[in-house]
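Structure, as structure tokens:
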Amino acid sequence: MTNKLLTFTAAMAFGATAAMAEEVHVYNWSDYIDEELLSKFEEETGIDLVYDVFDSNELLETKMLAGGSGYDVVVPTGSFLQRQIAAGAFQKLDKSKLPNLENMWDVIEDRTAQYDPGNEYSINYMWGTTGIGVNTGKVAEVLGDDAPINSLDLVFDPANMEKLAACGVYFLDAPTEMIPAALKYLGLNPDSKDADEIEKAGEVLMAVRPYVAKFHSSEYINALANGDICVAFGWSGDILQARDRAAEADNGVEVAYNAPTEGALMWFDQMAIPTDAPNPDGAHKFLNFIMDAENMAAASNYVYYANGNKASQEFLVEDVIGDTAIYPDEATLENLYTVSPYDPKVQRVVTRLWTKIKSGT
Ligand code: N2P
């Protein structure tokens, strides 16, 4: 009895303390941070960090538009951010709480202003490209040494895909990445909002659909690294992480990333604070922590994505700052395109088409 009472009292006291501890809830992409930074934030601020991950803008958008997500910081891609700002999903940043904003890179701020004019609602976390990851050995076995590993022909020409199906191909489960790529393959504007053109892109995807083992936006990292698949249409840094995981495993798998020579999508992932964030003050502390030059460099050095922080550049390892697949040179930059959000009518076309493509019917 006494024991029970004691336990009960202790639990109450513990519960009360736990309820009082400050928390920040962050919702970021999977495989997108050096987790040591998470404990560093907790040590420096005394705030408990609750860190969840996702791999789909559509999923994040559903949560943002529904409201009440409970998150203090989320990371939509620019084109999604833009329409979520329009829907009232985010609050303006209090720049007086963000002294590390001075570390940010004007070149990237100019580009992200396309989605968030004046960068009033967001800071850039990472940016990158969408392209082709290959297991070089297996692809050469299947298609020969002159396989077009840096061309959209690899993934959109059914003759290539029919052969590659034997060693395994994954595509992103992301219509806003795959449709622009298919439009580019057709020589059309990748940012086209024309329903007929989008249908044509759908035909490109349907023609290779039988040879795609899976549409998924994060599993391809390990699948490539393990040698379970030989091609992934995915995100630059993720494929470079697969390259490193294979090298660490010393399993004979060699992974390479190429932005397609026809042109590649360049995207920007932006940290923003939901309008109904439970702890906006803590959210600003997290953003400021992330914008610290050394913290931002640690994140990029770990995940192989470029960031929008100029001051971080002196802390980047050569493998990152010196790799044009991560920090593109002028010539590479010229070959990158960006996209803007679909309006609701076109979005319905895209959503319907994507469901059809994934089901393959
Ligand atoms: C991280 C993927 C982030 C890129 N795994 C998608 N915007």
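The values are calculated or read from the model by the stated rules, or taken from the named source; none is laboratory data. Treat the numbers as computed from the prediction; the structure is a model and nothing was measured. Neighbour counts run over all protein chains shown; Cβ positions are idealised from the backbone, glycine included. The area values use the complete protein model at the heavy-atom level, side chains included, leaving out ligands, DNA and RNA. Shrake-Rupley method; radii C 1.70, N 1.55, O 1.52, S 1.80 Å.
Some notes on this structure:
- The relative contact order of the chain, computed from alpha carbon pairs under 8 Å that lie at least 6 residues apart in sequence, is 26 percent.
- Cα long-axis angle, helix 293-303 against the chain (0 to 90 degrees, to the nearest 10): 40 degrees
- Signed unit charges on C-beta, dipole axis of the chain, positive-most listed residue Gly202, Tyr32, Gln241: Gly202
- Exposure of Thr136 as accessible area (Å², to 10), given a probe of 1.4 Å and all protein chains: 40 Å²
- Helix 36-45 axis, angle to the chain major axis (alpha carbon atoms, nearest 10°): 30 degrees
- Taking all C-alpha pairs of region 102-221, those more than 19 Å from each other amount to 56 percent.
- Of the solvent-accessible surface of the chain, computed with a 1.4 Å probe and all protein chains present, 51% belongs to carbon and sulfur.
- A DSSP coil position with no more than 15 other Cβ atoms inside 10 Å describes the following trypsin sites (Lys or Arg not before Pro) in region 49-105: Lys92.
- Across the protein chains, with a 1.4 Å probe defining accessible surface, the residues Thr112, Thr351 rank Thr351, Thr112 from largest area downward.
- Extent along principal axes [Cα atoms of the chain; Å; largest to smallest]: 74, 48, 45
- Within the full protein context, the accessible area of Asp292 is estimated at about 50 Å² for a probe radius of 1.4 Å.
- Axis of helix 57-66 versus longest Cα principal axis of the chain: the two differ by about 40°, to the nearest ten degrees.
- Region 102-202: GluC sites (Glu not before Pro) falling in loop per DSSP and having at most 14 other Cβ within 10 Å: Glu120
- The Cα-based radius of gyration of region 16-65, divided by its Kirkwood radius, gives an Rg/Rh of 1.06.
- Note on the chain: GNM, Cα springs under 10 Å; of Gly308, Gly67, Gly187, the largest mean-square fluctuation is that of Gly187.
- Taking Cα centre as origin and charging only the Cβ of basic (Lys, Arg, +1) and acidic (Asp, Glu, -1) residues, the dipole magnitude of the chain rounds to 1400 debye.
- Shape call, region 231-361: gyration tensor on alpha carbons, a/c limit 1.5: oblate
- GNM top mover of Tyr51, Tyr71, Tyr304 - the chain, alpha-carbon springs below 10 Å: Tyr51
- The residue list Pro344, Leu287, Ile273 was ranked by how far each Cα lies along the charge dipole of region 233-361 toward its positive end, using unit charges on Cβ atoms, and Pro344 comes out on top.
- Here the scattering of region 168-281 is modelled by Debye summation over its C-alpha atoms, one equal scatterer each and no solvent; at q = 0.12, 0.14 Å⁻¹ the log10 of I(q)/I(0) is -0.54, -0.69.
- Mean accessible surface per residue for region 236-293, computed with a 1.4 Å probe while every protein chain stays in place, in Å²: 32 Å²
- Calculated P(r) of region 215-277 - Cα pairs past 19 Å, %: 41 percent
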